[in-house]
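The values are calculated or read from the model by the stated rules, or taken from the named source; none is laboratory data. In this text the structure is predicted, and so the values were computed from the model without any measurement. Here Cβ is always computed from backbone atoms with ideal geometry, including for glycine, and neighbour counts include all displayed protein chains. Ligands, DNA and RNA are stripped out before the accessible areas are found, and what is left, the full protein with its side chains, is counted by its heavy atoms. Shrake-Rupley method; radii C 1.70, N 1.55, O 1.52, S 1.80 Å.
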Amino acid sequence: QATPQLRPKPRRPRELELDEMWTFVGHKGNKVWLWLAVERASRRIVAWVLGDRSRATAQRLWDALPEQYRTGTWYYTDEWEAYRGVFPAAAHRPSPKGSGQTSIVEAINCSLRQKCGVLVRKSCSF
């Protein structure tokens, strides 16, 4: 009797959550956006950039990603249009706010705001 051939277990793609949050430098008219890419499985920040909220900054975030995250990865974002055309369409998973698909990166943004007084939008933080 022949031994059955076992098929290798299919590899799941890596999953990154991407989001952006704003703060200001000096005064509220001088907004700066912090863009983060977080690996879902480890909750590790794998790339970040500072800039405006444009497609050019999304491109800089893509360029900042380590090489191993550029293929075989699903990219979960909100529906901000700057991500379109930068991240591969077949792997990009835009999701509406509140869907839970970017909850890990949003929790990191919230923690940064809580722990770093300079990121708080109000003038005073305790």
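Residues in the stretch 38-67 that are open to solvent by 70 Å² or more (accessible area, probe 1.4 Å), charged (D, E, K, R) and outside any loop (DSSP other than H, G, I, E, B): 5 in all. Within the stretch 68-93, being assigned to a strand (DSSP E or B) and open to solvent by less than 50 Å² (accessible area, probe 1.4 Å) holds for T73, Y75, Y76, T77, F87, H92.
Quick check on my filter: what residues within the stretch 104-126 are surrounded by 11 or more Cβ atoms within 10 Å (Cβ to Cβ) and either of a type in the set (V, I, T) or modelled with pLDDT of 95 or more (or both)? Matches in the stretch 104-126: I104, V105, I108, V120. In the set (1) more than 11 Å from the chain's Cα centre (by Cα); (2) modelled with pLDDT of 95 or more, T23 fails one condition alone, (2).
Residues of the stretch 94-115 that are assigned to a loop (DSSP other than H, G, I, E, B) and in contact with a Phe, Trp or Tyr (Cβ under 7 Å, 6 or more places away or on another chain): S95, Q101, T102.
Of all residue pairs spaced 6 or more apart or on separate chains, those with beta-carbon atoms under 9 Å, a first member in the stretch 48-72 that is free of Cβ contacts under 8 Å to residues at least 12 places away in the same chain and a second member that is of a type in the set (A, V, I, L, M, F, W, C) and assigned to a loop (DSSP other than H, G, I, E, B) are T71/A91. A search for C-beta distances below 7 Å between a residue of the stretch 21-38 that is free of Cβ contacts under 8 Å to residues at least 60 places away in the same chain and under 20 Å from A58 (Cα atoms) and any residue that is of a type in the set (K, R) and assigned to a loop (DSSP other than H, G, I, E, B), counting only pairs 6+ apart in sequence or on different chains, returns W33/R53.
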